[in-house]
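Have a look at the structure below, then the notes.
What follows draws every value from the coordinates through simple rules; no lab data is involved. Note that this is a predicted model, so its numbers are computed, not measured. Methodologically, a virtual Cβ is constructed for each residue, glycine included, from the backbone with ideal geometry; neighbour enumeration extends over all protein chains shown.
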Amino acid sequence: MASNTEEICGSFAVSTEQHEIKKVVVIQDALSYYAKEKSYSKTFRLESLDGVSVYRTEDPYIFRQDDGSLLKKINR
């Protein structure tokens, strides 16, 4: 039996266009059982589980928010 809650499975730092440091959290559905042969999609949100959605772009180091503003991944 699976539950429909979400869990944070990772995070990384990004820089906004105004040079502010923010955190993008990687979220996936929290399940009581994970099948090895199935892949599970991950979503990205700003700062928390309830934060603004963040989307990948063609560049793996650049992310986009709903309003079109860009976030650049910081390597630390």
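What the table shows:
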{"item": "The range 8-53: number of residues that are in contact (Cβ under 8 Å) with a residue 40 or more places away in the chain, surrounded by 14 or more Cβ atoms within 10 Å (Cβ to Cβ) and not small (Gly, Ala, Ser)", "result": "5"}
{"item": "Selection count, the range 41-59, where residues are among the aromatic types (Phe, Trp, Tyr) and under 18 Å from Ala30 (Cα atoms)", "result": "1"}
{"item": "Selection count, the range 23-76, where residues are in contact with a Cys (Cβ under 9 Å, 6 or more places away or on another chain) and basic (Lys, Arg)", "result": "1"}
{"item": "Val26 being touching a Gly at 6+ places or on another chain (Cβ under 8 Å) and not in a loop (DSSP other than H, G, I, E, B)", "result": "yes"}
